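Heads up, the thing below is written out as structure tokens.
Bear in mind that the values in this text are calculations on the coordinates, not laboratory data. On a predicted model such as this, the values are computed, not experimentally measured, just so you know. Backbone-built Cβ (ideal geometry, glycine too); neighbour counts: all protein chains shown.
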Protein chains: 2
Amino acid sequence: MEKFKNENIGINEVEAEELAGHIGEVVRLHGSIYKIRKMKSFSFVLLRTKRDVVQCVTSKDLEIPMEESCVILSAKVVEDNRSRVGYELQIETIEVLSSPQEIAPIVINQKIVDTSIENLLDFRPITLRNEKERAIFKLQEGICRAFREFLYRENFTEIHTPKIVQSGAEGGANIFKLDYFGQEAYLAQSPQFYKLMMAGVFERVFEIAPVFRAEKHDTSRHLNEYTSVDFEMGFISSFREIMEMETAMLQYTMKYLAENYEKELTLLNLTLPVIEKIPSVTFREAKVKVAEAYKRTVKDWEDFEPEEEKLLSALILQETGSEFVFVTHYPSEKRPFYAMENKDNPNETESFDLLFRGLEITTGGQRIHDYQEQVAKMQRKGMNVQLFESYLMMHKHGMPPHGGLGLGLERFTARLLGYENVRYTTLFPRDIKRLVP
Amino acid sequence: MEKFKNENIGINEVEAEELAGHIGEVVRLHGSIYKIRKMKSFSFVLLRTKRDVVQCVTSKDLEIPMEESCVILSAKVVEDNRSRVGYELQIETIEVLSSPQEIAPIVINQKIVDTSIENLLDFRPITLRNEKERAIFKLQEGICRAFREFLYRENFTEIHTPKIVQSGAEGGANIFKLDYFGQEAYLAQSPQFYKLMMAGVFERVFEIAPVFRAEKHDTSRHLNEYTSVDFEMGFISSFREIMEMETAMLQYTMKYLAENYEKELTLLNLTLPVIEKIPSVTFREAKVKVAEAYKRTVKDWEDFEPEEEKLLSALILQETGSEFVFVTHYPSEKRPFYAMENKDNPNETESFDLLFRGLEITTGGQRIHDYQEQVAKMQRKGMNVQLFESYLMMHKHGMPPHGGLGLGLERFTARLLGYENVRYTTLFPRDIKRLVP
């Protein structure tokens, strides 16, 4: 590819990452003026490039354009042992490509953006220019890359399923409605039906795409739109194979981030969790365990309270050293109509959640693949089977035993980085109060 | 990863792709019975696996479960020079994992699914099981993988932007409305505003995600939801750099498909186009060229008719041998408010479309980066600037010269495979009449 063209022929532009190979040379480098620090006889200029912030110095004679100006520098790369990277750039000329109209109303070039979360999000287009803020999303890219690379290796096929749908997969009230040429339609709460159908086609499929939940909860862990990492596997003999696949995917991801995103890990001061075998407890065991350890009374035998998830994670960490824990066999009452029930105990499903540092980040399980069994369960639940004709087509004409999971990308990123609020790890969050930017 | 577990210890399951390495051995292999062909003294059984259809033979003594049953075979891999792959599988046992309720109402195991497009799409969950049908979407996976790999190499960062938005980026009537907790919201027609903002953060960004267009046109090239491949680049000196980037991306993709998707290319009998330099004509030149060559009168100097795009592509192919052609400098009247105008002729924009075999598959161009210039253009267009405060934030606080493009994944796939109707290359199409499956 041709690089940025300029008048100054004979001096080639370099990427920030290549600078160490050009010591002693004059290079050209473009970016935004991130920060200017004036000293007595010279100035430090930090240049923000695609992935780096490069430290430069200038003599006091050179006029430096205002912060957030976009520039091309020509500069000499000089060895300097005091610098973290082993060199510094001595600016010779600055060519200005564009200038901001106004200085930003929020200071974005300190170590962190020191403001409220509302301000941080209201001014997202500029607060994301902060070195640490943007590193969060560079790392999130790494998580997606790792997931995809792992799933390709495991012979999964990537699919793109529709987000405008005729019926919700998860049921319940938290579904956005829209008018579709006079017909009522919905925004997909998950790619559930479609990934199941595609497990009948490619056996193993995955999708990383937006899903929509009209949740009215305004909590630190709910979003009304998020990125869902979904996979589905045919020919499983137990839902535990899905847990094994997820464990391997997370292990791969930690290794991948350590190898390819060191820059961001350093900037975010992040130590990646070590993932060996992930412990697994049943839902009932977990309930009892938490109640006993913390002298609590179980109020609800069908679901976890968020507080219980936190307490369980703490207990498991203490006992096993693992920051992850699988909880299996959720009650049938609270799982969707496609969830396979346990053969010995139909009140329990062949399902699991994965908790990471106190928060559920994944829901998964084995699905019913037999047509008669699926129809019977729908009837037991009082559903109108006829409305699900296109969903049931796959069962009618043969489906392998199958199961899969959905993982919330923003939640996972938040847990990994230690943020309590999932909005910190969402590029442009949508919640009950926020539709802008 | 642990493979599918079974009772028959000591005989490991293999992937279809590994069979050639097991000649002379008894292997276990799972999949769906795709097709049974009974001969006089034996039967052919085709087993559909993740990516292959494997030919097996059985003696007539063995009972074969009905087509679309999911099974585990144990079979001996026997060298056979008559077979295309050099071996065949002699089935020893068949373990049935699941059986269909009914035989499919449409024949799915012939070379093609021989039915109307309506049937093909109505029965998508099962017609996709056809070997050729599913190959289309395996190849589409390859296109996405190639795009992403290329863009990562070129230092683009992958982003996830919201699909529920407060204002449409492209304007016009073709936007889906929804009720967002009492507020009016829209489905994103493109990630335009967000990818621009992110070009101010990472310089180069991309996203592959669904977009929504409430087009009432019921044509062979329109979808109401499609997968848009978007990228945006900062620090460009001309929109031609975006064209160069796209050319390189397409070249990379053809090479990638040839190397990694040979199976599907063979099945689809597809010869990939050779992409060298892609010719480029201005919009006016193109209009004149087509009018002269085909003795047509130009009715509309502001837009192409679909027929003109076809004729132009034919002419360019004849003249240069290229199946792609860039058309540049579209009239300002028909381009959005963020399009940069030509300095010498403000009636023209610094923009382009890419036509591939007669159809527009990409729209791109340079954007206005200067705050004053953007505000002035919005005012000229009679827009309420105050409504775009969060969009204009990036310009106010400094943006590099930037530009980018959007490519329709399904259209591109359709053109590559030679389908007139884009629905053939859409997994579950959405059009004015179709919301199911």
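Computing Rg and the Kirkwood Rh from the Cα coordinates of the protein assembly as shown gives a ratio, Rg/Rh, of 0.98. Derived scalar couplings between HN and Hα for the range A:284-297 equal 5, 4, 5, 4, 5, 4, 5, 4, 5, 5, 10, 6, 10, 9 Hz in order, rounded to whole Hz, by the Karplus curve 6.51 cos²θ - 1.76 cosθ + 1.60 (θ = phi - 60°), x for Gly and Pro. Taking other C-beta atoms within 10 angstrom as a stand-in for reagent exposure, B:C144, A:C56 fall in the order B:C144, A:C56, fewest first. To test your reading of the geometry: what angle, between 0 and 90 degrees and rounded to tens, separates the Cα axis of helix A:306-320 from the longest principal axis of chain A? Its long axis makes an angle of about 80 degrees.
Put simply, the amide H of B:E341, placed in the peptide plane, has neighbours under 5 Å in B:E350, leaving out anything fewer than 5 places away on its chain. Taken one residue at a time, the phi angles of the range B:192-208 give Karplus couplings (6.51, -1.76, 1.60, θ = phi - 60°) of 2, 4, 6, 6, 5, 3, 6, 5, x, 9, 10, 6, 10, 9, 8, 8, 10 Hz. Gly and Pro are set to x. Inter-chain Cβ neighbour count for B:199-212, averaged per residue, equals 5 (cutoff 10 Å, partner chain atoms only).
Using every pair of distinct Cα positions in chain A, the Kirkwood expression returns a hydrodynamic radius of 24.8 angstrom. Working from label points 7 Å from Cα in the Cα-to-Cβ sense, the B:S41 to B:V53 distance is 2.7 nm.
A full extension of the chain between B:V107 and B:S83 corresponds to an added length of 6.2 nm, given 0.36 nm per residue minus the alpha carbon distance.
Computed over chain A, relative contact order equals 12 percent, with contacts defined as Cα pairs under 8 Å that lie 6+ residues apart. In this structure, A:V96 and B:E149 have a Cβ-Cβ separation that, at R0 = 35 Å, corresponds to a calculated FRET efficiency of about 0.50. Given B:Q183, B:Q372, B:P429, which one lies farthest toward the positive end of the charge dipole of chain B, if we put +1 on the Cβ of every Lys and Arg and -1 on the Cβ of every Asp and Glu? The Cα lying farthest towards the positive end belongs to B:P429. Shape descriptor for the range A:16-98: Rg over Rh equals 0.92 (Cα atoms; Rh from the Kirkwood inverse mean 1/r). Here the extension length gained between B:K343 and B:D179 equals 54.8 nm, from 0.36 nm per residue of separation less the Cα-Cα distance. Dividing the summed -39500 (n - 2.57) terms of all DSSP H runs of n ≥ 4 by the residue count of chain A sets its mean residue ellipticity at 222 nm at -8500 deg cm²/dmol. Put in line by how crowded their Cβ is, counting other Cβ atoms within 10 Å and starting with the fewest, B:M393, B:M254, A:M399 read B:M254, B:M393, A:M399. Computed over neighbours whose Cβ is under 13 Å from that of B:M393, the net charge equals -1, Lys and Arg +1, Asp and Glu -1. Between the amide H of A:Y34 and those of A:L46, A:L47, A:R48, A:E68, distances stay under 5 Å, these residues lying 5 or more places away or on another chain, with hydrogens modeled in the peptide plane. Here the gap between B:K263 and B:I432, fully extended at 0.36 nm per residue and compared with their Cα-Cα distance, gives a gain of 57.4 nm.
Each residue of the range A:89-95 was assigned a 3J(HN,Hα) from its phi angle through the Karplus expression (A = 6.51, B = -1.76, C = 1.60, θ = phi - 60°), giving 10, 9, 5, 9, 9, 10, 9 Hz with x at Gly and Pro.
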